[in-house]
Amino acid sequence: MILLLAVGLARAGDCPADSDDAISQALAAAGAVELSYADVDEAGFVTAYESLQTMIGCVRTELTLSDAITLHRAMAIGAFVDGAPDQSRKSWGAIRALQPEWSPSDSLMPVGHPLREIWLSSGDLEPGGKYLEKSPPGGWGIDSARGVKDAPISRAYLLQGFDTSGTIVHTGYYYEPAIPVIEGIELIDSKRAKIGFDPKRRRKVRLWGTVGAGVMAAAAGVCFGLGADSYAKMQDATAPEDITSAQVKTNTLSGVGVGLSAAAVGTGVLVWTVTW
């Protein structure tokens, strides 16, 4: 058995033609790992565990927390059966971090069983993270959390890389902090990485931007109305000081109205043309 720092580095030919199928196949393989372990099905386990490791590297859809937990649990069992207790411990450490309320059943880990001992020892793993200096242009995601720049130092984690449009360019399973080489992607300083397209964020920005533009447009209308009223009073005024006062007020209100109108138009154009 060769100790690896990462798994899930699939070749393109290993992946399904439809990238959306990869996460479904990875989760199905994870379920098969647990089932074959429970049934003591050695042949079934080998096939499922190999498929699980391959499909993780093929995933090109953003992981949910539930996905990450399912994959970590299967990887923990798989590493144990594969004779890699340290890797199993790190995967159980991920379960403890992501789902702290979870505890193993006696059927999965009987008292005194080596797998339960590994689970118990995973509670002693050192917390903390290591800063990943380089990232793809859209940043990293770790265990379903976007924009993360620190990789866990002692537990396993699922790492996803994004380009600026939000497209996933890498998925891998790691046991130690690592910056992978991504074919066709130039990594940049993580401080310059920008979280890519997020539909929820875009809807929120456009909603509040539109509301803000509407408020500014309404305020501009009020200023123009008050300015017109002030202009009419200026025309009716006879005293020089009244004329001067009305003229200043008219010019001020007109200027504010023009400024608010420009700001309203600019805000509207900005929130509806930028991807966000």
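The values are calculated or read from the model by the stated rules, or taken from the named source; none is laboratory data. Since the model is a prediction, treat every value here as computed from it, not as a measurement. Here the Cβ is made from the backbone with ideal geometry for all residues, glycine too, and neighbour counts use every protein chain on show.
For segment 106-192, the strands (runs of 3 or more DSSP E) that sit wholly inside it and include 3 or more residues that are buried (at least 16 other Cβ atoms within 10 Å of the Cβ) are 140-142, 157-162, 168-174. Of the residues examined, Gly139 is one that is among the small types (Gly, Ala, Ser) and modelled with pLDDT under 95. Restricting segment 122-152 to residues that are of a type in the set (A, V, I, L, M) and out of contact with any Pro (no Cβ under 6 Å at 6 or more places or on another chain) leaves a set whose member that is nearest to Pro100 (Cα to Cα) is Leu125.
Among the residues of segment 205-239, those identified as assigned to a helix (DSSP H, G or I) and farther than 22 Å from Gly266 by Cα are Leu226, Gly227, Ala228, Asp229, Ser230, Tyr231, Ala232, Lys233, Met234, Gln235, Asp236. Of all residues in segment 218-243, those being among the β-branched types (Val, Ile, Thr) and at pLDDT 85 or above number 1.
Selection of segment 14-32 for residues being among the hydroxyl-bearing types (Ser, Thr, Tyr) and either crowded, with 18+ Cβ neighbours inside 10 Å or in contact (Cβ under 8 Å) with a residue 24 or more places away in the chain (or both) yields only Ser19. Among the residues of segment 148-161, those identified as hydrophobic (A, V, I, L, M, F, W, C), modelled with pLDDT of 95 or more and within 20 Å of Glu186 (Cα to Cα) are Ala151, Leu159.
Restricting attention to segment 83-101 and to residues that are surrounded by fewer than 15 Cβ atoms within 10 Å (Cβ to Cβ) and in contact (Cβ under 8 Å) with a residue 12 or more places away in the chain, the residue that is nearest to Gly31 (Cα to Cα) turns out to be Gly83.
For segment 47-102, a residue qualifies if it is of a type in the set (Ser, Thr, Tyr) and outside any helix (DSSP H, G or I), and the qualifying residues are Thr61, Thr64.
Cβ-Cβ contacts under 8 Å between residues 6 or more apart (or on different chains), taken from a first residue in segment 57-75 that is without any contact (Cβ under 8 Å) to a residue 40 or more places away in the chain and in the same structural domain as Trp140 (by TED's automatic domain parsing) to a second residue that is crowded, with 19+ Cβ neighbours inside 10 Å and among the β-branched types (Val, Ile, Thr), are listed as Ile69/Ile95.
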